[in-house]
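First comes the structure, then the notes that go with it.
Please treat every number below as a calculation from the coordinates, not as lab data. Predicted, not measured: the structure shown is a model, and the values here were computed from it. Cβ sites come from the backbone with ideal geometry, for glycine too, and all protein chains shown count toward neighbours.
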Amino acid sequence: MLSRTADNLYWLARYVERAEYLARILEVSQRLTTLPLAYAGSSNEWDSALATAGCVHAFSEIYSQASEETVTDFLCFSAANPSSIRNCFEMARSNARAVRTALTVEMWDAINGTWIELKRFGNGATSRDEFMRFLRWVQENSLRFDGSAYRTMLRNDAYWFSRLGVYMERADNTARILDVKYHLLLPAHERIGGPLDYFQWAAILRSVSALTAYHWVYRESVKPWLIADLLILRDELPRSLASCYENLVLYLDHIARAYGRQGPAQRHARAIRARLENSRMEGIFQNGLHEFISEFITDNNRLGAAISEQYLT
Amino acid sequence: MVDAFDEMTGADGTPRPAYAQLARWLAEVRPDVLDFRRREAEVLFRRIGITFAVYGDPDAQERLIPFDVLPRILAADEWQIVRSGLEQRVQAINHYIRDIYGRREILKAGIIPEDLVFQNPVFRPEMNGMKVPHDIYVHIAGIDIVRVDPQTFYVLEDNARTPSGVSYMLENREIMLRLFPELFARHRIAPVENYPDELLATFKSIAPANAGAEPTVVLLTPGVYNSAYYEHSFLADKLGVELVEGRDLFVRDELVYMRTTQGPKRVDVVYRRIDDDFLDPLAFRPDSALGVPGLLSAYQAGNVTLANAVGTGIADDKAVYSYMPGIIKFYLGAEPILRNVPTWRCREPEHLGYVLDHLDELVVKEVHGSGGYGMLIGPQAEKHTLAAFRAKLKSNPTNFIAQPTLALSTCPTCVEEGVAPRHVDLRPFVLTGADRVRVVPGGLTRVALRKGSLVVNSSQGGGTKDTWVLDG
């Protein structure tokens, strides 16, 4: 398979996943800002949305103030933001078009349909209602694309590269939320904890669609260190770092078996997975949650580079 | 406008034998049925995604080419003449290109003026003295043919570089088979669906001597923004070969490789749909990002075959076209089976004089033009257009040729007012391999959908038809 084809499939999946993630972050921010100040805390939720989207720098080049209006525009519709939802779908569709014949009809229909419908939203939403509908629409379309890939693609290297894109992006996104919100999850927080923190914690869980999952797994009220445990170490949660790496190792192994050769990407992914498997939350807190997350982000980026080097260029 | 020969009704209005069944069917079929099929065809095309881009029209990034559901039909004996004429012509073209980059006997014999070759921007000095595999330069030719009466087929244009349109020939047939099974049942029609197989066999036959038993073929496209990108991806898919862009290939030690997920893979034959200028930034246009640095050196070393060869433009230039009958006689010692349209070369003063005096009767074309761009149709032009063209002609006569306005034959076509005659041409595709020449019966029929229009190019409002060659 051409490296460029694999690259297109990988990025197609990454961009769709990223669009969905942005929609979830915005939904959560929107929800927090509707709470009375005493509940939501005094920090600017829109600053934090930008940070979790990894767009602080690009944003500050255009706007001076992070407000609901500027941030939603920047993250959803801005042409100047390469990672806006609109640009994610644009990029996903142009990647798809370049490998049209490597996609199933269902996948093409899903992404092409999304791209055509995107025009309907024009340059922004006219009301909050419409904006919320837009965010739902983004998530539904991501689900539809993911579902068509899962249900219709042949299980060969094309599928595996597309899955690698999903899980690389997902691991990066979850790690980014943890990176921005880690201070809320430190055990010391429990003592200060009041209703204020509850809403922040719930928001973190919502942004990885895990609020209900939390209750199923722990059957307890929301506790910060358990949130960290869920998002980092629990295999059961599809968006946890552990689950992402379980899948990354799985699909990299499929590729290595088909091609008859292991490489740096496989070794690197296995090393990260082993670290996640061998970690316990007490240890992570002891050595510093923030340090752990920062290191993970660096490692994850290194895996992205290794995959790219080994297969995509 | 002169009366055109209608391929269905001929001169006397009674259906000619090849069209007898279609005429009978048309008389029986209810208009709403025809209209329904027509709309069905459009839905099918849209779903398959057969589109083309029109340069300079931002809204038409992806546009559908109109398809006419009534077939154009050629009898077996008519096709036999066309086919043998095509083979002869392409054979002569290959001899000619080899001669130009070799011993240049045709120039020594004074049949073609030297400056027409050497001062031609499409002449490639890099090809001088180079041996190409099996002496074949033009592996895929698209020869445009028009008809003016029952006996006379003219060659209107040779396309010896990267002719396009074959995907429409294939898709048109597929759609017709789905929409009109009852019409197919009434005829015996030569199939065209084996074209990709024939093309692949042609490529394998021309692989370099040092390629393995199963040569690797790729299709090199300029990318998604090219107007023929759909065709490129369609053909790559049908051929079962990789659709590559320049950045997917690289050259090391004069060997061509493609970047794959399993590491570099040697490439033996490149079906390139990129013009010479953009093939290799080291050899041609340095600013081109579409090509592959070093490709020409690998080609010259004989490690890769390019189809078509570099420098074939010297054969399909519209000024060289006018010498084609002489070229055929010179190399094959035979009269051309397919005639040339009489052509005035504006580079010659007495021809230019004639053209300027008769501008309102003639079709004037740019020597290097294609796609119907920059062309004048005298009888249909406004006064001021004629005047503007006259000035262009005078300032740069070598850039133009002129031909009489031909009354292109017409075929029944579905249009707004029902079934009506519209002008057509034909582009058959001729494949030349090391083993043999392959011509799939028929080709792409293009039709000028506007009443009275003679311009069949898709970029100028033309459509296409399925082309049926009756089998015996």
Total charge dipole magnitude, chain B, about the Cα centre, Cβ charges on Lys, Arg, Asp, Glu only, Debye to nearest 20: 260
Alpha-carbon centroid distance for the pair segment A:105-122 / segment B:290-358, whole angstrom: 45
Residues whose placed amide H lies under 5 Å from that of residue B:367, excluding near-sequence neighbours: B:400, B:401
A:181, B:465, B:204 arranged by Cβ crowding within 10 Å, fewest neighbours leading: B:204, A:181, B:465
Residue A:90 paired with residue B:201, simple spin-label distance in nm, labels 7 Å along Cα-to-beta-carbon: 4.8
3J(HN,Hα) from dihedral phi, segment B:427-437, Karplus parametrisation 6.51/-1.76/1.60, rounded to Hz, x for glycine, proline: 10, x, 10, 10, 9, 10, x, 5, 8, 6, 9
DSSP-defined antiparallel bridges as percent of all bridges, segment B:223-348, nearest 5: 75
Segment A:262-313: C-alpha gyration tensor shape, a/c 1.5 cut-off, then a/b vs b/c: oblate
Test item: B:260-267 mean partner chain Cβ contacts at 10 Å: 5
Debye intensity ratio in log₁₀ form over the Cα atoms of chain B, taken at each q of 0.05, 0.09, 0.13 Å⁻¹: -0.18, -0.62, -1.31
Per-residue ³J(HN,Hα) for segment A:55-62, Karplus 6.51 cos²θ - 1.76 cosθ + 1.60, θ = phi - 60°, Hz, x for Gly and Pro: 10, 4, 5, 4, 5, 5, 6, 10
Largest-first principal axis extents, alpha carbons of segment A:156-313, Å: 54, 29, 24
Residue-averaged beta-carbon neighbours from other chains (10 angstrom radius) around B:458-468: 0
Sorted by Cβ density within 10 Å, fewest first, the residues A:236, B:42, B:382, A:169: B:382, A:236, B:42, A:169
Paramagnetic label zone (point 7 Å from Cα along Cα-to-C-beta, residue B:80; backbone N under 14 Å) in segment B:1-43: none
Under-5 Å amide H pairs with residue B:74, H placed in peptide plane, nonlocal only: B:468, B:469, B:470
Order by protection proxy (mean Cβ within 10 Å, highest first), peptides A:3-13, A:103-113: A:3-13, A:103-113
Relative contact order, percent, segment A:1-153 [alpha-carbon distance under 8 Å, six or more residues apart]: 32
Förster-model FRET efficiency, 56 Å R0, residue B:149 and residue A:31, C-beta, rounded to 0.05: 0.10
Pair residue A:301, residue B:386: separation of 7 Å Cα→Cβ label points (nm): 7.1
Relative contact order for chain B, counting Cα pairs under 8 Å that sit 6 or more residues apart, in percent: 23
Directionally averaged projected area (convex hull, Cα atoms, segment B:59-162), nm²: 10.9
Structure-based [θ]222 nm, the protein assembly as shown - -39500 (n - 2.57) summed over DSSP H runs of at least 4, per residue, nearest 500: -15000 deg cm²/dmol
Highest to lowest packing among B:33-41, B:263-271, scored as the average C-beta count within 10 Å: B:263-271, B:33-41
Cβ-derived FRET efficiency at R0 60 Å, residue B:214 paired with residue A:280, nearest 0.05: 0.65
Farthest toward positive dipole pole in chain A [+1 Lys/Arg, -1 Asp/Glu at C-beta], among A:105, A:35, A:274: A:105
Dipole magnitude of segment A:128-178 about its Cα centre (Cβ charges: Lys, Arg +1; Asp, Glu -1), debye to nearest 20: 120
Antiparallel content of DSSP bridges confined to the protein assembly as shown, in %, to 5: 70
14 Å Cα-Cα reach of residue B:392 towards aspartates and glutamates, excluding residues that sit fewer than 8 places from it in its own chain: B:366
Per-selection Rg to Rh, segment B:207-351 - Cα, Kirkwood hydrodynamic radius: 1.07
Length released on extending from residue B:265 to residue B:3, taking residue separation times 0.36 nm less the Cα-Cα span: 88.5 nm
Within segment B:269-404: Cβ-based charge dipole about Cα centre, in debye rounded to nearest 20 (Lys, Arg +1; Asp, Glu -1): 60
Residue-wise HN-Hα coupling along segment A:209-221, computed from phi with Karplus coefficients 6.51, -1.76, 1.60 (Hz; x: Gly, Pro): 6, 10, 5, 5, 4, 4, 5, 5, 6, 9, 6, 9, 5
Amide hydrogen neighbours beyond the local backbone of residue B:153, cut-off 5 Å, H modeled: B:339
Other protein chain Cβ atoms within 10 Å, averaged over every residue that makes up B:240-248: 3
Potential extension, residue B:420-residue B:111 segment - 0.36 nm per residue separation minus Cα distance: 106.8 nm
Antiparallel content of DSSP bridges confined to chain B, in %, to 5: 70
Among B:438-448, B:134-144, the order from most to least packed when residues are scored by Cβ within 10 Å on average: B:438-448, B:134-144
Projected label distance in nm at residue A:219 and residue B:43, using a 7 Å step from Cα toward the beta-carbon: 5.5
Two-site FRET efficiency, residue A:155 against residue B:395, from Cβ-Cβ distance with R₀ of 60 Å, rounded to 0.05: 0.40
Convex hull of chain A built on C-alpha atoms - directionally averaged projected area, nm²: 16.0
Diffusion constant of segment B:342-405 at 4 °C, which comes from Stokes-Einstein with the Kirkwood Cα-pair radius and 1.567 mPa s, µm²/s: 115
Relative exposure of B:99, B:360, judged by other C-beta atoms within 10 Å (fewest first): B:360, B:99
Compactness of the protein assembly as shown - radius of gyration and Dmax, Cα, Å: 32.1, 102
